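Asks: If you scroll down you'll find the structure; I have some questions about it.
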Amino acid sequence: AAQVWTNNAWAAALCLILGVFLGLPVLWILFQNMLNLGVGFGLMSSAGRLDTFLGLVLPHGLLELTAVFVAAGTGLRLGWTVIDPGPRTRRTALAQEGRAALAMAIGLALVLFVSGAIEGFVTPSGLPTWARIAIGVIAELAFLAYVYVVGGRAARAGETGDLEESERSAAVPTAA
């Protein structure tokens with residue numbers, strides 16, 4: 001589970017970090033991940049074992065792929081900030097969006113930990129396939145409920161994920 005978590009966290013971290021390069025590396029990472037998944041899907045389907053493949057991928061894959069796509073979206077948003085910072089200076093915009101991306105990274109680390117635990121302990125368990133998939137679906141639904149209920153409430157309240165002004169360091173030196 002720790003090895004799986006590390007791999008997933010690394011993919012999400014790359015999406016977050018490399019987004020600042022106009023988002024292009026993020027698109028490449030997504031392409032590679034989807035290509036790998038598609039190849040596995042195609043190979044298992046042609047071998048008549050698609051049911052086995054889906055039974056092994058769906059329990060953790062729903063949550064894992066959602067987390068990677070959220071990380072990619074955050075990275076793309078960071079890249080767009082370089083292109084169009086809006087009324088802010090690029091430096092200010094990147095600082096604000098970067099701090100928000102850091103907060104997103106912390107949350108996604110927890111989500112990927114849950115996904116890794118499912119992949120490490122639920123997927124190889126002796127549970128029937130329907131039960132393993134049900135656990136994955138429940139984890140995905142719990143995540144989506146959290147995002148839409150708690151996240152929606154925070155967004156409506158104006159939260160951006162950035163630090164409060166009083167918690168930020170000075171943008172320029174204030175004393176000699």
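The values are calculated or read from the model by the stated rules, or taken from the named source; none is laboratory data. Bear in mind that the values here come from a model prediction, so they are computed numbers and not experimental data. When we count neighbours, we look across all protein chains shown, and the Cβ atoms used for this are built from the backbone with ideal geometry, even at glycine. Note: accessible area is taken over every heavy atom of the protein model, side chains too, but ligands, DNA and RNA are not part of it. Shrake-Rupley method; radii C 1.70, N 1.55, O 1.52, S 1.80 Å.
Asks: For TRP80, indicate whether it is at pLDDT 90 or above and surrounded by fewer than 11 Cβ atoms within 10 Å (Cβ to Cβ). Even if it seems obvious, please write down each step before you answer.
Replies: Values: at pLDDT 90 or above: yes; surrounded by fewer than 11 Cβ atoms within 10 Å (Cβ to Cβ): no.
No, not satisfied.
Asks: Would you confirm, using the coordinates I've provided, whether GLU64 is open to solvent by less than 30 Å² (accessible area, probe 1.4 Å) and either among the acidic types (Asp, Glu) or at positive phi (or both)? Give the steps one after another, and end with the answer.
Replies: Values: open to solvent by less than 30 Å² (accessible area, probe 1.4 Å): no; either among the acidic types (Asp, Glu) or at positive phi (or both): yes.
For GLU64, the condition - open to solvent by less than 30 Å² (accessible area, probe 1.4 Å) and either among the acidic types (Asp, Glu) or at positive phi (or both) - is not met.
Asks: Right, something else. Say we look at segment 138-165 and pick out the residues that are among the β-branched types (Val, Ile, Thr) and farther than 26 Å from LEU14 by Cβ; which of these is least open to solvent (accessible area, probe 1.4 Å)? I'd like the intermediate steps shown before the answer.
Replies: Of all residues in segment 138-165, those among the β-branched types (Val, Ile, Thr) come to 138, 147, 149-150, 160.
Checking which are farther than 26 Å from LEU14 by Cβ leaves us with 138, 149-150.
Values: ILE138: 114, VAL149: 76, VAL150: 59 Å².
Checked segment 138-165; the qualifying residue least open to solvent (accessible area, probe 1.4 Å) is VAL150.
Asks: Of the conditions (1) open to solvent by 60 Å² or more (accessible area, probe 1.4 Å); (2) at pLDDT below 95; (3) of a type in the set (Val, Ile, Thr), ILE135 clears all except one; give me its number.
Replies: If we test ILE135 against (1) open to solvent by 60 Å² or more (accessible area, probe 1.4 Å); (2) at pLDDT below 95; (3) of a type in the set (Val, Ile, Thr), just (2) comes out false.
Asks: Answer yes if at least one residue in segment 2-9 is under 15 Å from GLU119 (Cβ atoms), open to solvent by 40 Å² or more (accessible area, probe 1.4 Å) and not in a helix (DSSP H, G or I), and no otherwise.
Replies: No; the residues of segment 2-9 include none that is under 15 Å from GLU119 (Cβ atoms), open to solvent by 40 Å² or more (accessible area, probe 1.4 Å) and not in a helix (DSSP H, G or I).
Asks: Something else now. So, in segment 35-50, how many residues would count as being closer than 25 Å to ALA2 by Cα and surrounded by 13 or more Cβ atoms within 10 Å (Cβ to Cβ)?
Replies: So the answer is 3.
Asks: Follow-up. Can we say PHE53 is at pLDDT 90 or above, open to solvent by 60 Å² or more (accessible area, probe 1.4 Å), within 23 Å of ILE118 (Cα to Cα) and touching a helix residue (DSSP H, G or I) at 6+ places or on another chain (Cβ under 7 Å)?
Replies: The answer is no for PHE53.
Asks: Which number in (1) hydrophobic (A, V, I, L, M, F, W, C); (2) at pLDDT 90 or above; (3) open to solvent by 70 Å² or more (accessible area, probe 1.4 Å) marks the one condition that ALA176 misses?
Replies: Only one criterion in (1) hydrophobic (A, V, I, L, M, F, W, C); (2) at pLDDT 90 or above; (3) open to solvent by 70 Å² or more (accessible area, probe 1.4 Å) is unmet by ALA176, namely (2).
Asks: Condition first: open to solvent by less than 80 Å² (accessible area, probe 1.4 Å) and either outside any helix (DSSP H, G or I) or farther than 23 Å from PRO85 by Cβ (or both). Now tell me which residues in segment 15-30 satisfy that.
Replies: Within segment 15-30, GLY19, VAL20, GLY23, ILE29, LEU30 meet the criteria.
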